[in-house]
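Peer 1: Structure provided below as structure tokens; questions to follow.
The values are calculated or read from the model by the stated rules, or taken from the named source; none is laboratory data. Remember, predicted model here, so these are calculated numbers, not experimental data. Methodologically, a virtual Cβ is constructed for each residue, glycine included, from the backbone with ideal geometry; neighbour enumeration extends over all protein chains shown. In case anyone asks, the SASA skips ligands and DNA or RNA and just uses the protein heavy atoms, side chains included. Shrake-Rupley method; radii C 1.70, N 1.55, O 1.52, S 1.80 Å.
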Amino acid sequence: MKVYIEPIGKLINEFSKLPGVGAKTAQRFAYKIINMTDAEAQNFATAVLDVKKKVKYCKICGNFSEEDECDICKRRSAETICVVKEPKDVIAIEKLNEYNGVYHVLHGTISPLDGVGPDDIDVKGLLKRISGGNVKEVILATNPDVEGEATAMYISNLIKPLGIKVTRIAHGIPIGTDLEYADEVSLARAFIDRKTL
């Protein structure tokens, strides 16, 4: 026996594919959509399609952008590069208003258990940027978990011989916490107290 009619079941199934969305939350989302006006539902659908059509990765840093180059790369000095795992980590750091350099998004971290090696993340792009000659410091701001630490050490070992200062954000953030979920005080403290590797 079918519990939901097909359109509702299909919508619940699509919502349940989102990270952190269980069956009950997916059901609540679907019911919310059903109760929207046509205009509200159209705006929701348009926002989803616009994100897919208009958002791309910055060709320099890998952050989200509507253009080939993101606003941060356009207007900031590239003397300091903050290396992060994902674009959402850029947002977490930007909320602090403590950092005024540029970013480099790896789009992952080294994780041998998951079959992710250095060639599967954008380390080559970082090294290419550094070879440009004006980079003075690279801040490694990957998550303080096993994969983030392994990635930071790998990148540090590649960059240190080039004579560039390499720092790691301090561990004001509990081990195993993703940057996007860290409270702003802990993240700010970790960023201010970063250390040289």
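Peer 1: Once you place label points 7 Å from the Cα toward the Cβ at ASP68 and ALA170, how far apart are they in nm?
Peer 2: 4.1 nm
Peer 1: At 7 Å along Cα-to-Cβ for each site, give me the label-to-label distance between ASP119 and LYS53 in nm.
Peer 2: 3.8 nm
Peer 1: Could you check how much of the accessible area of the chain is carbon and sulfur, as a whole percent, using a 1.4 Å probe? Mind showing how you got there, number by number?
Peer 2: Details: 6530 of 11930 Å².
In the chain, the share of accessible area belonging to carbon and sulfur is 55 percent.
Peer 1: Could you rank the peptides 34-47, 11-24, 61-74, 97-110 by their average count of other C-beta atoms within 10 Å per residue, with the highest value first? Don't skip to the end; give the middle numbers.
Peer 2: Working: 34-47: 10.5, 11-24: 12.6, 61-74: 17.8, 97-110: 19.4.
So the order, starting with the most tightly packed, is 97-110, 61-74, 11-24, 34-47.
Peer 1: Over the stretch 113-182, how many percent of alpha carbon pairs lie in each 10 Å bin up to the one with the longest distance?
Peer 2: Taking every Cα pair in the stretch 113-182, the percentages come to 18, 48, 30, 4.
Peer 1: Modelled label-to-label distance, GLU94 and THR196, 7 Å Cα→beta-carbon offset: nm?
Peer 2: Inter-label distance under the simple model: 3.1 nm.
Peer 1: Please give the per residue accessible area of the chain, computed with a probe of 1.4 Å over protein heavy atoms only, in Å². Walk me through the numbers on the way to the answer.
Peer 2: Working: 11930 Å² over 197 residues.
It amounts to 61 Å² per residue over the chain.
Peer 1: Sorted from largest down, what three extents in whole angstroms do the Cα atoms of the chain have along their principal axes?
Peer 2: Dimensions of the chain along the principal axes of its Cα atoms: 66, 34, 34 Å.
Peer 1: With θ set to phi - 60° and the Karplus curve 6.51 cos²θ - 1.76 cosθ + 1.60, what are the ³J(HN,Hα) couplings of the stretch 69-76 in order, to the nearest whole Hz, using x for Gly and Pro?
Peer 2: 10, 6, 4, 5, 5, 5, 10, 10
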